[in-house]
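For reference, the structure discussed in these notes is given below.
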Amino acid sequence: MDTRRWIERFAELVAADADRLTRLDAAIGDGDHGANLNRGLRAAVEALGPDLPPGKVLMTAGRALVSKTGGASGPLYGGALRRAGKALGDAADADATVLATALRAALDAVQELGKAVEGDKTMVDALTPAVAAYEAAAGDGPAAAARAALDAAEKGAEATVPLQARKGRASYLGPRSVGHLDPGAASTVLLFRALAGGTAARASPSERRRLAPDVASGPTVPVMTPDVTAGRALSVGELARTTGLTVRTLHHYDRLGLLSPARDRAGRRCYGPAEVRRLHRILALRGFGLSLAEIGDVLDGAGADLRDLLRRQLEQTEERIAAAQRLRRTLLAVIDASARNGEGVGPSADELVELIEVMVTMDRKFTREEFEQMNRRRQEAMARLSPEEVEELQRRRAEMASRLSPEELEEMRRRRQRLLPDGVDTADEA
């Protein structure tokens with residue numbers, strides 16, 4: 001097993017896909033996964049000295065990743081490679097059986113550090129099935145085992161899309177993390193794609209069609225296949241340019257079974273009139289704010305009544321309008337208070353904190369940890385104030401409350417209660 005080539009190929013694939021990984025992370029995380037991992041892998045490749053045995057290659061690359069990669073990906077990938085390298089030891093070569101042991105050690109390292117299991121919407125969702133598949137196919141040789149691991153990793157990554165995140169920054173989003181591919185799982189696919197590329201000859205077209213749709217899509221050239229549809233078929237690239245969608249979005253719809261076009265003899269997607277009409281319906285329903293799962297149920301006649309979904313969307317829209325109105329009132333109160341403080345004097349820190357809390361709570365429910373942290377910080381801030389400052393703060397809050405009607409105050413209390421963790425009452429706030 002050429003572990004050096006594995007790491008080099010992994011670095012190449014991440015560099016080519018860094019923008020996509022960063023976009024995936026921007027949706028549910030810090031938005032830096034692609035950039036961080038790309039930087040760390042460049043450092044890992046540069047750190048590799050000549051004539052290193054396979055285990056030393058992985059340990060050296062792992063150390064570089066830990067020291068040069070920001071965010072969680074450095075410790076996770078770095079720790080995984082170091083543990084795998086340690087499992088390989090000083091052996092001059094590693095067959096499939098030995099590498100399977102190393103991959104299992106890498107998975108253990110990731111789970112020990114991240115405390116994640118399958119279903120948490122992390123890289124573990126792709127890594128666990130990939131390692132299991134490699135172990136099961138190791139007797140067939142490294143090439144077959146690597147292809148089996150890649151296939152399992154791709155399926156595991158795709159399976160993160162409907163999951164709600166339970167670990168990492170994405171878990172802060174709660175239900176809003178549903179519908180997004182986990183970036184760590186996506187980069188794990190690249191790790192095994194690099195492994196497969198380093199142990200097997202270039203896959204044939206039929207083999208490539210068995211892998212992920214992204215691998216099999218090929219160049220997006222115009223497709224003319226009268227035998228597929230009654231009219232002129234569009235390639236995925238043409239359809240993307242026509243609608244303003246991305247090719248990756250259309251691939252995602254295909255993977256979900258939401259919009260599954262026919263294929264031409266070369267395996268490329270062909271979108272005929274029926275698929276275009278279905279896409280227009282998807283986009284129209286998306287405009288109403290329905291989730292992709294709800295859209296699929298509506299189009300296939302298996303879900304809730306469309307009117308019920310639209311009524312629910314209306315309720316959510318009205319909640320957002322009410323939240324925006326509350327934010328407007330808070331902004332006006334802060335502006336008025338600042339004007340009374342004198343020309344050139346901005347809002348106080350307490351007023352800004354109050355404003356930030358309103359803005360944050362517009363979007364999502366607090367976790368218990370966030371609630372406790374917010375309470376601790378509020379208590380610490382209050383402890384630093386003098387009695388006179390506390391009295392002034394209370395006066396300002398009472399003045400702001402006096403501008404609201406009893407109904408508005410009660411609605412604000414109910415709204416805050418909905419945002420607090422389960423089992424916590426507004427009376428528990430500091």
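Read-outs: derived from the displayed coordinates by stated rules, not from any lab. Nothing here was measured: the structure is a model prediction, and the numbers come from that model. Neighbour counts run over all protein chains shown; Cβ positions are idealised from the backbone, glycine included.
Based on the reciprocal of the average 1/r between different C-alpha atoms, the Kirkwood radius for the stretch 236-300 equals 12.1 Å.
Quick one: go through the stretch 1-45 and flag any residue whose amide nitrogen is under 14 Å from the point 7 Å out along the Cα-to-Cβ line of LYS86. Answer for this model: none. Peptides 53-62, 239-248, 21-30 ranked from most to least packed give 53-62, 21-30, 239-248, packing being the mean of other C-beta atoms within 10 angstrom over each peptide's residues. Relative to its Kirkwood radius, the Cα radius of gyration of the stretch 3-202 gives an Rg/Rh of 0.95.
For labels at ILE321 and VAL390 in the simple 7 Å Cα→Cβ model, what's the distance in nm? Distance between the two pseudo-spin positions: 4.3 nm. Listed by chain and number, the lysines whose C-alpha is less than 26 Å from the C-alpha of LYS121, apart from same-chain residues fewer than 8 away, are LYS68, LYS155, LYS167, LYS365. Projecting the Cα positions of SER67, GLY49, GLY179 onto the charge dipole of the stretch 3-202 (unit charges on Cβ atoms of Lys, Arg, Asp and Glu, taken about the Cα centre) puts SER67 furthest along the positive direction. When Rg and the Kirkwood Rh are both derived from Cα coordinates, the Rg/Rh ratio for the stretch 76-194 amounts to 1.00.
In percent, rounded to a whole number, the relative contact order of the stretch 1-72 is 35, using alpha-carbon pairs under 8 Å and six or more apart.
Dipole of the stretch 236-300 computed with +1 at Lys/Arg Cβ and -1 at Asp/Glu Cβ about the Cα centre; of CYS270, ILE282, LEU256, farthest Cα towards the positive end is CYS270.
Full extension of the chain between GLU372 and ASP297 gives 23.1 nm of extra length, using 0.36 nm per residue less the Cα-Cα distance.
Charge dipole of the stretch 3-202 (Cα centre as origin; +1 on each Lys and Arg Cβ, -1 on each Asp and Glu Cβ, all else neutral): 380 debye, rounded to the nearest 20. The distance between label points at ASP264 and ALA27 comes to 2.8 nm (points 7 Å beyond Cα on the Cα→Cβ vector). Computed log10 I(q)/I(0) for the stretch 149-191 at 0.16, 0.26 Å⁻¹: -0.38, -0.84, from the Debye equation with unit scatterers placed on every C-alpha and solvent omitted.
Between LYS115 and LEU314, the modelled label-to-label distance comes to 4.5 nm, taking each label 7 Å out from Cα in the direction of the beta carbon. In this structure, the amide hydrogen of ALA262, modeled 1.01 Å from its nitrogen in the peptide plane, lies closer than 5 angstrom to those of CYS270, GLY272, counting only residues at least 5 positions away or on a different chain.
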